[in-house]
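Read the figures in this text as sums done on the coordinates, not as results from a lab. Fair warning: this is a prediction, and the values are worked out from it, not measured in the lab. With ideal geometry, Cβ positions are generated from the backbone for all residues, glycine too; neighbour counts draw on all protein chains shown.
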Amino acid sequence: MKKITTFIIAILGIIGVANAQGDYEAFTFSQSDYLGTARFMGAGGAFGATGGDFSALSTNPASIGLFKRNETSFTFMGLSFSNTDSYYYGNHNSTRNFKYILPEAGIVTVRKIHRDNEWRSWQFGFGYNRIMDFNNTLRFSANTHNTLMNQVINHVNGINYNNLSGDGYLAWNSWLIDTIPGTTNQYYSFFSDEDIYQKAVVTRKGAIDEMVLSVGGNYGDKLFIGATVGFPFLNFTEITTYTEDPVNVDDIAGINDYTLFTEQRNSGTGVNLKLGLIYQPAEFLRLGASFHTPTYYWVVRDNLYREMTTHYSNGKSNTNSYTNNNRFSLVTPLKFNVSAAFLIAKRAFIAAEYEFQNYGMANLNADNYDYVFENELVQAKYGVAHNIRVGAEVNITQGFVMRAGYRLKTSPYKSADNNYNNTTQFISGGIGFRGEYIFCDLSYAYRLNKDSYWLYDPVGEPGYYTTNTHNVILTLGCKF
């Protein structure tokens with residue numbers, strides 16, 4: 001039994017860093033905060049039953065059945081201004097970011113059918129929508145009585161110093177850990193049980209852009225159906241610079257401080273299928289529903305680079321690094337959406353929709369590793385998130401339109417004991433000009449997200465942060 005236990009500890013020490021973020025990646029790449037046309041954003045994205053907007057092809061593909069004429073749209077301007085307030089052991093930091101994005105471009109063609117046929121028209125659509133934007137910067141700093149070296153020691157205890165890998169290899173060669181005298185596989189660190197100033201800057205970049213191929217139909221101006229094959233393109237980068245510096249002394253065992261630099265890059269392409277319908281039982285009412293299959297990313301490339309630099313009191317420094325390149329497949333959770341829209345005298349609408357997603361259903365796999373431990377973590381940490389979208393639009397005068405909307409995505413965590421639980425809210429509004437052949441829409445959306453971030457394994461406290469994002473979006477389009 002002792003040999004088996006030692007073997008398990010050794011394996012965890014080897015793969016601990018390579019797969020430590022497996023559950024984090026499964027959750028992160030399963031998320032969606034739909035961006036799109038200015039009309040879609042301005043009215044809170046509540047087009048599941050309203051229909052007639054290109055971005056809704058990624059939420060309810062039956063939206064395409066409401067198109068009466070050929071239409072093309074291009075959201076060529078998306079300005080994103082964000083401010084993030086971070087708290088770590090009560091210490092506050094703030095960062096600001098600006099980003100230019102292109103959240104949507106698409107075309108829908110309509111093939112009309114002879115009026116004697118109950119099938120009035122068929123529609124075909126092609127383009128892309130941005131379904132998740134990752135861009136953000138987090139900054140944490142505080143004096144603590146914890147150290148990353150405690151996590152490293154937990155991973156490497158039981159492994160001979162000649163066989164260390166990953167962060168254990170870095171810490172050993174940087175003189176941050178050493179063997180307990182008389183042993184070759186039990187470790188300690190001079191940084192343990194000391195007051196340490198910790199500082200971290202986390203920069204996230206990238207997005208998930210979904211290319212959509214859609215087809216739909218209009219049956220008797222009562223029933224509208226649609227199907228979308230989605231091809232999401234994942235591009236995610238997280239760069240972290242983490243530093244530990246002793247508080248009460250100039251150095252510990254001749255070490256002034258050390259910095260751990262991490263760059264993780266993920267990219268991949270997936271596929272999913274969305275099926276939807278909209279039914280109009282009365283002139284003033286539309287009801288919608290859609291089902292999204294899980295997205296299957298057949299290959300996600302996971303490239304990790306870690307570099308540790310130790311600065312000594314004699315002015316010298318020591319740098320060690322390693323890389324870890326993996327490939328895995330990811331299956332994201334399915335989604336189910338129901339919606340309703342109330343039409344007012346062909347001049348306005350009020351709409352609402354609800355979307356269900358269980359993040360605990362996300363699943364990782366690879367040819368050379370089964371991810372059983374990580375998938376169990378996904379099921380233990382994440383659960384059902386409820387997405388609610390409401391919106392309204394009104395024609396003030398001929399061609400001039402005003403919109404307003406609200407979105408809420410509840411916490412996906414099973415255990416959420418504070419307000420920093422990844423709850424996300426959108427408050428939006430917009431205006432538009434809708435001519436016979438040309439339209440122009442402008443919207444503003446305010447996004448508020450609160451979440452937590454562990455700088456290393458859950459010991460002590462995580463960092464908490466609030467991100468306020470201001471999005472200004474402009475869409476131009478034409479009907480023909």
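Summary table below
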| read-out | value |
| --- | --- |
| Sparse-neighbour loop sites [GluC sites (Glu not before Pro); region 257-336; at most 11 other C-beta within 10 Å; DSSP] | E283 |
| Cα Rg, Dmax (largest Cα-Cα span) when computed across region 53-119, Å | 21.2, 71 |
| Whole-angstrom gap from region 179-257 to region 327-403, using each part's C-alpha centre | 23 Å |
| Region 2-479: proportion of alpha-carbon pairs further apart than 45 angstrom, % | 22 percent |
| Ranking of D257, D441, D178 by count of other Cβ atoms within 10 Å, fewest first | D178, D257, D441 |
| Geometric extent, Cα atoms of region 147-244 - Rg, Dmax (angstrom) | 25.8, 85 |
| Region 348-470: radius of gyration over Cα atoms, expressed as a fraction of 2.2 N^0.38 Å | 1.47 |
| Long-range tail of P(r) for region 239-368 (Cα pairs > 26 Å, %) | 58 percent |
| Qualifying aspartates and glutamates (Cα of each under 12 Å from Cα of K99; at least 8 residues distant if same chain) | D133 |
| Separation of alpha-carbon centers, region 35-107 and region 266-284, rounded to whole Å | 16 Å |
| Ellipticity estimate at 222 nm from DSSP helix runs (n ≥ 4, -39,500 (n - 2.57)) divided over the chain, nearest 500 | -3500 deg cm²/dmol |
| Computed Kirkwood radius, in angstrom, where 1/r is averaged over Cα pairs of region 422-464 | 14.0 Å |
| Helical segments meeting 15 Å axial Cα length and Kyte-Doolittle 0.0 threshold in the chain (DSSP H) | 2-19 |
| Peptides ranked, highest mean first, by Cβ atoms within 10 Å: ranges 126-133, 231-238 | 126-133, 231-238 |
